[in-house]
């Protein structure tokens, strides 16, 4: 069975043998929201939340 490591806490995550690219998972150790970015070998990265892109108040050119 494949495993991967959480990019947030380095906890080992045993993967489902049917894991697929783009699948979202939650780290059982730190509850980070992750996404499978590679299946050979299995690699995880933080899941990107696209919902903030729809925020009308967000202005990419605005100076902070």
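Values in this text are rule-based calculations from the coordinates and carry no lab data. Because the structure is predicted, anything quoted here is derived from the model rather than measured.
Annotations for the structure displayed:
- Calculated translational diffusion coefficient of region 3-51 (20 °C, 1.002 mPa s; Stokes-Einstein with Kirkwood radius over alpha-carbon pairs) equals 201 µm²/s.
- Structural descriptor for region 3-51: relative contact order 32 percent, calculated from alpha carbon pairs under 8 angstrom and at least 6 residues apart.
- Using 0.36 nm per residue and subtracting the Cα-Cα separation, the extra length available between residue 46 and residue 12 on full extension is 10.7 nm.
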